[in-house]
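The values are calculated or read from the model by the stated rules, or taken from the named source; none is laboratory data. Just so it is clear, the model here is predicted, and its values are computed rather than measured. Glycine gets a Cβ as well: all are built from the backbone with ideal geometry, and neighbour counts include every protein chain shown. Just so you know, the surface numbers come from the protein's heavy atoms only, side chains and all, with ligands and any DNA or RNA stripped out. Shrake-Rupley method; radii C 1.70, N 1.55, O 1.52, S 1.80 Å.
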Amino acid sequence: GGQWSGSQHKGAAAAGIRLGTPGAVAVTSTSLVTMTVGVSLGGQIKEIKEVLSVVPIAQVDSIEVKRMGFAGVMAISVAGSSFKLEGKVSDMREFAAAFHRAKGTTP
């Protein structure tokens with residue numbers, strides 16, 4: 001797991017994005033935002049500790065979500081570099097849909 005995580009952090013860094021541990025990603029009408037968060041014992045986000053990166057949505061090439069067993073993997077491509085994040089499939093699909101609405105594209 002650590003090796004996989006390290007390679008994803010390198011991919012994100014190549015795109016000019018910092019990832020938090022634990023971290024979260026959000027999409028607004030204009031930006032993709034990464035942050036460090038505090039989580040409860042149940043895994044729910046309690047607080048945003050620090051905003052790490054803000055990337056204009058126009059620079060995000062694609063976001064794709066795939067189911068992998070019980071979890072999901074979301075691949076994010078920015079300026080030719082890509083990285084993957086793990087999480088709940090339903091949450092990631094909602095995130096991808098919000099990205100496509102903001103970007104004005106279809107999945």
- When you take every Cα atom in region 43-95, what is the radius of gyration, and what is Dmax, the widest Cα pair distance, in Å? 12.5, 33
- residue 85 - accessible surface, heavy atoms, 1.4 Å probe, Å² rounded to 10: 40 Å²
- Message: Could you give each residue of region 37-48 its phi-based ³J(HN,Hα) in whole Hz, using Karplus coefficients 6.51, -1.76, 1.60 with θ = phi - 60°, and x for Gly or Pro?
- Response: 10, x, 10, 7, 4, x, x, 7, 6, 9, 7, 9
- Query: Hey, what's the chain come to in accessible area per residue, 1.4 Å probe, Å²?
  - Reply: 61 Å²
- Message: Given points 7 Å out from each Cα along the Cα-Cβ axis, report the residue 98 to residue 37 separation in nanometres with one decimal.
- Response: 0.9 nm
- With springs only between Cα atoms under 10 Å apart, run a GNM on the chain and tell me which of 81, 90, 62 wobbles the most. 90
- Item | Cα pair distances exceeding 22 angstrom across the chain, given as percent | 26 percent
- Task: Could you work out the relative contact order of the chain, using alpha carbon pairs under 8 angstrom and six or more residues apart, expressed as a whole percent?
- Result: 22 percent
- region 59-107: trypsin sites (Lys or Arg not before Pro) in DSSP loop, at most 15 other beta carbons within 10 Å: 88
- Residue among 12, 96, 26 with the largest mean-square fluctuation in a Gaussian network model of the chain, springs linking Cα atoms under 10 Å: 26
- For the chain, calculated [θ]222 nm from helices alone, where every DSSP H run of n ≥ 4 adds -39500 (n - 2.57): -8500 deg cm²/dmol
- Task: Would you count, across the chain, every pair of lysines whose alpha carbons are under 26 angstrom apart, provided the pair is eight or more residues apart or spans two chains?
- Result: 14
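Let me spell out the model: positive unit charges on the Cβ of Lys and Arg, negative unit charges on the Cβ of Asp and Glu, origin at the Cα centre of the chain. What dipole size does that give, in debye rounded to 20? Spell out each step's value before the answer.
Numbers: 11 positive and 7 negative charges, 22 e Å.
So the magnitude is around 100 debye.
Report the chymotrypsin sites (Phe, Trp or Tyr not before Pro) located in region 1-105 that are in a DSSP loop and have at most 14 other Cβ atoms inside 10 Å of their Cβ, or state none.
Details: sites: 4, 70, 83, 95, 99; in loops: 70.
Answer by residue number: 70.
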